[in-house]
Amino acid sequence: MHANRSQLTVGGLSRAQLLERLRSNGVRLNAHAETLLATDEFAQRPARSILLAERTVTQLGFPDGAPLSRIFEAARRDGYSLCPVDTAPYLRLEARGQPTSTGSVTSTGRAPDGALTVASDLLSDDDAYPKGFYLRTVGDEPWLRGYRCDDEHIWSPEDRFVFRVID
């Protein structure tokens with residue numbers, strides 16, 4: 001995904017079809033992604049087209065980083081909204097040119113190198129429950145990973161988020 005805007009079709013597949021499409025495209029999942037994909041948010045929904053934009057935490061006005069709540073608040077102020085919860089797997093299927101991460105391990109306490117976090121509504125206020133998804137490529141393997149954090153976590157200035165552009 002480029003820093004500019006891009007159109008994405010979200011929905012249209014049943015959960016089983018979506019999981020099969022991810023598997024057949026070699027997309028790896030972590031346990032948090034599997035937890036999120038098992039929710040009702042991933043029951044079949046009509047296909048719809050949304051406009052997306054990528055922003056770094058710095059571009060949202062936080063050169064020293066910020067917690068998720070402030071990042072989301074700044075995005076809304078700048079004319080973006082949160083993506084539908086089911087956006088990330090469809091974006092993972094389309095984002096084939098994502099740069100490969102330089103590190104092969106996840107980074108506890110910070111977003112991994114090369115990660116693209118999809119900003120979406122939180123499904124639970126419980127800090128132990130996954131908050132959302134990020135996309136990452138390790139080696140030649142595309143990943144769709146769920147992440148957890150609390151609002152004390154400060155995202156780095158270079159962390160990249162995808163938001164929906166308000167029509």
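Readers should treat all values here as calculations from the given coordinates under stated rules, not as data from a laboratory. The shown structure was predicted, so the numbers you read here are calculated from the model rather than taken from an experiment. Note that each Cβ is placed from the backbone with ideal geometry, even for glycine, and that neighbours are counted across all protein chains shown.
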Report summary line: Interchain or sequence-distant (5+) residues whose placed amide H lies within less than 5 Å of the amide H of Cys83 are Ala119, Ser120, Asp121, Arg164
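Using DSSP H assignments, which helices in the chain have an axial alpha-carbon span of 15 Å or above and a mean Kyte-Doolittle hydropathy of 1.6 or higher? Let's see the in-between values first.
Working: long enough: none.
Helix filter hits for the chain: none.
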Report summary line: Answer in debye to the nearest 20: the dipole magnitude of the chain about its Cα centre, from +1 Lys/Arg and -1 Asp/Glu charges placed on Cβ, is 580
Requested in this report: Give me the Debye-computed log₁₀ of I(q)/I(0) at q = 0.19 Å⁻¹ for the range 5-165, equal point scatterers on Cα only, no solvent, two decimals.
Outcome: -1.31
Query - Stokes-Einstein D for the range 30-76, Kirkwood Rh over Cα pairs, 4 °C, 1.567 mPa s (µm²/s) - result: 95
